[in-house]
Each structure stands twice: as C-alpha cells, then as structure tokens.
Amino acid sequence: MTKLPAPEPFTFTGDPLKFTEWRTCFKALIENNCTTPAHRLFYLKRYISGDALSVLEGTFYRSDEDAYTQAWDALNKRYGHPFVIQRAFRAKLSSWPKIGPRESLKLRELSDFLVSCKNAMPHVHGLGVLDDCEENQKLLQKLPDWVTTRWNRYVTKALDEEKPYPSFTEFSDFVAEEARIACNPVSSLHALKNADEKPGKEQKRLKASALAQNVKPITKSLSALEREKGSKPSHSATQDKKQIECVCCQQNHFIYKCERFAAMPLEEKKRFVINNKMCFGCLRIGHISKNCRKRATCNICRQSHPSPLHEECFQGGKLEASPDERASTSLCCVGMVNCNRTSMIVPVWVSCATKDSPETLVYALLDTQSRQLD
C-alpha cells in the first residue's frame with residue numbers, strides 16, 4: 001500500500017454534472033482526514049478552480065469552522081441543488097448533435113450519457129420528466145433513422161399489448177443494446193468499414209494534403225505579382241494582403257509603397273538591398289537580378305528597374321549629381337548589378353577657373369578608344 005500513489009480528488013471547475021462525484025471524493029479523502037478547519041479550507045481552495053472558485057471569494061480570509069461551513073453551503077446551493085443538476089442533464093441532452101446513420105461511435109457516446117442519466121434519476125428527482133413521451137420524442141430526433149425505426153416497433157408492440165409508454169430506463173437500455181451491436185468489433189458495419197481501408201489509401205491522402213500545403217505559399221507569391229502589375233486583385237489576393245509585411249518598416253504594405261525606404265539616399269538603399277539579400281530588379285528576396293524573370297518597370301523613366309531605385313540626373317534645369325558621378329555613362333543610375341543601358345553622350349557643366357565665372361551646360365561625347373598621354 002505504501003508504493004501506491006496517494007489518492008486525491010480531482011479539481012472541480014463548476015460543472016454541476018461533476019459536483020456530486022467531486023463532493024463525495026473530497027469528503028472521503030480530505031475532510032475525514034483533516035481535523036482543523038484551516039487545513040480543510042486550504043485543501044478546498046486547492047481542489048477548486050474556474051467559476052467555482054469565484055463563488056467562494058471572501059471565504060478564505062477566515063480559517064474557522066463557520067467559514068468552512070459557509071463555503072459548502074454556497075457550493076451546494078450553486079451546484080448541488082437537484083434542480084440545477086437536472087437542468088444540466090437536460091441541457092446537455094437537448095444540445096446533443098444529430099447522429100448520422102453510420103456514426104456508430106457517436107451512438108455509443110450518447111448511449112453512455114443516457115445510462116448516466118438513468119443512474120442519476122433515483123437521486124435527482126427532477127429527471128423523472130424524461131419518462132414523458134414528449135421528452136422521448138425529442139431524444140429520438142438525435143438518433144439515426146434505423147434506430148428510430150426499431151424503437152418505433154418496440155413502442156408499438158408495447159402499446160398493442162395495452163402497456164404504458166416505455167420509460168426512460170427502457171429507452172436507455174434499448175439504445176445501449178443497439179450501440180453495442182453497431183460497434184461489434186468483428187461483424188458490425190463499423191468494423192468491416194475499417195477493415196476495407198488499406199494503408200496505401202491513407203498514405204495517398206497524406207501526400208495530397210502535403211501538396212496542398214506546399215501550394216499555398218506559391219499562390220501567395222502569384223497574388224503579389226498581380227498587385228505589382230496593377231491588375232485587379234482577386235478574392236484570394238485580398239485575403240493574402242493582410243499577411244504582407246514590409247522588409248523596411250514591418251508594416252502592412254509592399255516595399256514599393258514604403259515611405260521610409262523612399263526617403264533613404266540612393267547609396268543607403270543599395271546597402272539595404274544588399275544586406276537583406278534582395279533583388280535589384282524587383283526588390284524581392286530569394287534571388288539576384290541576374291536570375292530575375294519579373295523585372296519591375298520604373299514609373300518615372302520607364303526603364304527596367306524598380307521605381308524606388310530611380311535617380312534623377314536633372315532637376316530644375318541643373319545637374320543633380322555628385323563630382324564622382326559626373327563622369328558616369330548612365331543617364332539613369334539605378335544601382336543594378338547588370339545594368340546595360342548606357343549612353344556615350346553626357347551633360348557637362350563648363351566654366352572658367354576665375355571667380356564668379358558663369359557655368360554653361362554642354363554635351364560631351366565620350367571616346368572609349370582614347371588613351372592617356374604621358
């Protein structure tokens with residue numbers, strides 16, 4: 001006996017159907033072995049949680065016998081009253097879902113609950129209402145049609161013999177017998193159906209579900225491409241839009257519409273794209289511009305680069321370029337790795353070395369065949 005685990009009651013959370021069982025366990029295992037009210041209140045609080053614990057708020061500030069008695073009076077009125085218990089039984093029966101013609105296991109679950117109702121009827125007097133034929137008719141709507149047909153034969157035979165309508169005890173025994181036959185492990189339809197299922201079919205279902213899971217992210221990327229091209233988003237694309245997260249600011253938009261990324265200087269944008277392993281052709285993660293198949297088109301110069309990476313070389317009639325960029329051969333420097341759009345004619349500001357000399361904008365032709373003189 002010393003090697004067996006110590007018995008203890010389960011925790012009561014406020015279900016009236018479990019209150020009587022929990023009360024019996026607590027009084028047998030805790031109350032009879034504790035002599036002081038303080039210990040009893042301690043264990044009472046330990047084995048109560050949820051809504052039941054809120055009933056005893058304020059009781060545990062004391063540790064006398066009156067506090068312990070007051071706690072049990074509150075619990076008995078809230079969960080142990082026969083009317084409360086029979087209402088809980090009937091509410092669970094009325095909310096029981098309809099059982100299909102081939103759902104043998106669910107029929108057995110209902111049968112087990114009907115047997116528990118039958119066993120509680122002698123102790124909960126309000127459950128005697130289940131003997132009424134109107135209540136029995138409500139329960140028949142939960143059963144499969146083939147069970148209802150067999151019960152109809154049973155009732156009709158009893159009425160033809162001038163017997164009273166069968167009681168709830170007879171009904172629960174009848175359903176229990178039908179559930180036992182329907183769940184026979186060898187010859188029932190449920191057993192034959194499980195025997196026909198082969199492991200190969202189950203594996204095929206698992207593969208199909210795995211493929212369906214792999215298709216989901218691909219659909220999400222295609223929806224993103226449709227939005228980028230300006231096409232009208234579909235219903236699935238609208239749902240995926242909520243899951244978009246900007247790489248720069250972690251907001252719900254693409255990086256094309258990110259104001260923080262647009263406000264960065266060009267060099268800082270280039271470093272950001274490189275550090276986040278993004279493509280210079282479409283600003284997506286996972287490939288480089290050399291392998292990009294969906295290059296974006298600039299909305300400003302209509303060249304093959306994303307609009308946030310566009311750099312204006314002219315603004316207000318003046319050349320907006322740094323001294324190091326004046327010799328660049330590209331009129332639109334987008335910072336792409338394999339940019340092949342260049343020009344041999346570049347604008348140059350010409351002025352004298354004297355002070356306050358006016359500047360003149362001219363176009364210079366670059367000669368790539370020239371060589372440096374000694």
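Every number here is computed from the coordinates shown, using simple stated rules; none is lab data. Just so it is clear, the model here is predicted, and its values are computed rather than measured. Neighbour counts run over all protein chains shown; Cβ positions are idealised from the backbone, glycine included.
Stretching the chain fully between residue 134 and residue 351 yields a gain of 67.4 nm (0.36 nm per residue, less the alpha carbon separation). Holding the Cα-Cα limit at 29 Å, pick out from 27/77; 77/142; 27/142 the pairs that are longer than that. Violating the 29 Å Cα-Cα cut-off are 77/142; 27/142. Distance from the alpha carbon centroid of segment 269-305 to that of segment 147-192 works out to 72 angstrom. When only Cα pairs below 8 angstrom with a gap of at least 6 residues are kept, segment 270-311 shows a relative contact order of 27 percent. With the simple spin-label model, which puts each label point 7 Å out from Cα in the Cβ direction, the residue 181 to residue 113 separation comes to 2.4 nm. The relative contact order of segment 37-82, computed from alpha carbon pairs under 8 Å that lie at least 6 residues apart in sequence, is 42 percent.
When its C-alpha radius of gyration is set against 2.2 N^0.38 Å (N residues), segment 47-170 gives a value of 1.45.
The phi torsions of segment 256-262, fed into the Karplus equation with coefficients 6.51, -1.76 and 1.60 and a -60° offset, translate into couplings of 4, 9, 7, 6, 5, 5, 5 Hz, rounded to whole numbers, with Gly and Pro shown as x. As a length-normalised measure over Cα pairs under 8 Å and 6 or more apart, the relative contact order of segment 1-124 settles at 24 percent.
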